[in-house]
Amino acid sequence: MSTKPRILTGDTPTGRLHLGHYVGSIESRLRFQDTYDCFFLIANMHAFTTRADKPDEIRQSTIEIVKDWLACGIDPERSTIVLQTEVPAIAELTWYIAMLLPFNRVMRNPTLKTEIEDKGLGDTYSFGFPMYAVGQCADILIFRPELVPVGEDQVAHIEPCREVARRFNQIYCGVNPHTEDDEYVKAGGLFPIPKAEVGRVGRLPGVDGRKMSKSLNNAIYLSDTFKQIKKKIGKITTGRQSMDEPGDTTNLLFDYVRAFIHDEDRVAELERRYSTGDNIGDGHIKVEVAEAIEKIIGPIRERRAEFDTPAGEEKILGIIRDGTRRANKAAEETLYLAKKAMRLDFGPRTLQLR
Ligand code: TRP
């Protein structure tokens with residue numbers, strides 16, 4: 001097995017990936033593929049927390065997410081693609097660490113609260129819904145990674161994971177509570193205290209200015225056509241009336257300019273002309289933004305199409321199986337060590353890998 005430090009991150013298959021995922025996390029995953037031993041998790045069990053009645057959709061989304069990953073450049077030769085529901089050690093570890101997280105601590109998670117609001121879950125959500133926040137700690141810890149590359153919205157999930165890791169190491173591995181985070185493993189702990197790594201643009205708003213999400217219908221997908229991209233960018237409103245009206249560049253349109261136009265001189269020029277009302281219309285800027293986005297998405301969309309055939313989907317399933325087999329080796333090793341630390345070393349356990 002690799003001796004490189006590990007990374008774990010993942011996506012929930014409730015739809016295709018959008019630009020927010022790309023700039024928040026996918027870009028950094030691509031960057032880390034050579035220097036880290038990367039595990040990328042499809043959190044399909046989590047998809048059931050809000051869509052238990054839609055198993056067909058979840059199955060298809062699972063495949064679509066992997067298509068998106070491969071199209072972006074995630075390389076299954078270098079990185080391990082993991083299907084959550086086929087790694088039983090994750091579910092098992094979830095139970096044990098649930099005992100190390102106070103109930104109110106779980107419910108205080110601002111990301112859970114936002115999701116309850118955005119998805120209109122009211123107070124009828126399942127027991128399993130907040131449980132996913134505990135499960136996410138297990139997703140991470142079972143691979144003992146050092147880094148977790150995520151968008152800003154996920155940082156609130158990494159914090160409890162760090163708390164659990166410290167607590168486990170203290171209670172079951174006898175590590176002194178005053179130990180520095182970086183020193184836990186050296187001090188005899190099983191789990192490194194993982195760090196969140198937020199991408200280049202931690203929070204890319206949707207085209208209506210709210211959080212970019214499928215449920216709010218404001219997302220630009222990595223599989224969108226140029227026409228769809230132009231149409232969606234066209235929806236951004238600035239409130240500015242004319243080309244010679246000076247505008248404030250701290251607006252949504254300029255968030256997109258700065259996120260996607262990589263030529264710094266051009267960005268500076270657009271900012272100057274916009275803020276002085278120097279004959280530049282919103283419409284013109286939107287075209288430039290849409291073209292810059294197309295430069296990223298165009299090649300992804302083309303590579304993605306290669307998998308949009310029955311043979312392509314078969315290939316995806318093979319990649320999922322191979323990766324998950326590898327992942328189970330790492331996960332079973334951690335679970336074995338965790339149970340040993342918990343004095344649950346009653347019998348040998350051998351997982352049957354198919
Ligand atoms: N909750 C994450 C999302 O919806 C997906 C996820 C599940 C994840 N387990 C994870 C991300 C572990 C990072 C680490 O985007």
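The values are calculated or read from the model by the stated rules, or taken from the named source; none is laboratory data. Remember, it's a predicted structure, so these values are computed and weren't measured experimentally. Glycine gets a Cβ as well: all are built from the backbone with ideal geometry, and neighbour counts include every protein chain shown. Note: accessible area is taken over every heavy atom of the protein model, side chains too, but ligands, DNA and RNA are not part of it. Shrake-Rupley method; radii C 1.70, N 1.55, O 1.52, S 1.80 Å.
Summary table
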quantity: Matching residues, segment 67-82, being β-branched (Val, Ile, Thr) and either in contact with a Gly (Cβ under 9 Å, 6 or more places away or on another chain) or not assigned by TED's automatic domain parsing to the domain that holds Ile319 (or both); calculated: Thr80, Ile81, Val82
quantity: Qualifying residue in segment 61-80 (condition: touching a residue at least 60 places away in the same chain (Cβ under 8 Å), within 12 Å of the ligand (Cβ to nearest atom) and in contact with a helix residue (DSSP H, G or I) (Cβ under 6 Å, 6 or more places away or on another chain)); calculated: no
quantity: Selected residue (only one of Asp53, Asp37 is without any contact (Cβ under 8 Å) to a residue 24 or more places away in the chain and either under 21 Å from Pro194 (Cα atoms) or away from the ligand (no atom under 11 Å from the Cβ) (or both)); calculated: Asp53
quantity: Selection from segment 252-278 of residues that are in contact (Cβ under 8 Å) with a residue 40 or more places away in the chain and either open to solvent by 50 Å² or more (accessible area, probe 1.4 Å) or outside any helix (DSSP H, G or I) (or both); calculated: Asp255
quantity: Subset tally (residues that are open to solvent by 70 Å² or more (accessible area, probe 1.4 Å), farther than 17 Å from Gly73 by Cβ and in a helix (DSSP H, G or I)) for segment 294-321; calculated: 4
quantity: Close pairs from segment 131-146: first not assigned by TED's automatic domain parsing to the domain that holds Asp182, partner within 9 Å of the ligand (Cβ to nearest atom) and of a type in the set (Ser, Thr, Tyr), Cβ under 8 Å, at least 6 apart; calculated: none
quantity: Given (1) open to solvent by 50 Å² or more (accessible area, probe 1.4 Å); (2) modelled with pLDDT under 95, number of the condition Gln228 does not satisfy; calculated: (2)
quantity: Pick from segment 134-161, criterion under 20 Å from Asp37 (Cβ atoms) and among the charged types (D, E, K, R), ranking: nearest to the ligand (Cβ to nearest atom); calculated: Asp139
quantity: Positions within segment 154-182 being open to solvent by 60 Å² or more (accessible area, probe 1.4 Å) and of a type outside the set (Phe, Trp, Tyr), in sequence order; calculated: Glu159, Arg167, Ile171, Gly174, Asn176, Pro177, His178, Glu180, Asp182
quantity: Close pairs (7 angstrom Cβ cut-off, 6 or more residues apart or separate chains): modelled with pLDDT of 95 or more in segment 232-243, of a type in the set (Gly, Ala, Ser) anywhere; calculated: Ile233/Ala290
quantity: Members of segment 335-354 found to be open to solvent by less than 70 Å² (accessible area, probe 1.4 Å) and either among the aliphatic types (A, V, I, L, M) or touching a Phe, Trp or Tyr at 6+ places or on another chain (Cβ under 7 Å) (or both), listed by number; calculated: Leu335, Leu337, Ala338, Ala341, Met342, Leu344, Leu351
quantity: In segment 189-209, residue nearest to Thr114 (Cα to Cα) [restricted to those that are more than 18 Å from the chain's Cα centre (by Cα) and either of a type outside the set (Val, Ile, Thr) or open to solvent by 30 Å² or more (accessible area, probe 1.4 Å) (or both)]; calculated: Gly209
quantity: Verdict on Gly10 being at pLDDT 95 or above, touching a Leu at 6+ places or on another chain (Cβ under 7 Å) and under 27 Å from Arg301 (Cβ atoms); calculated: yes
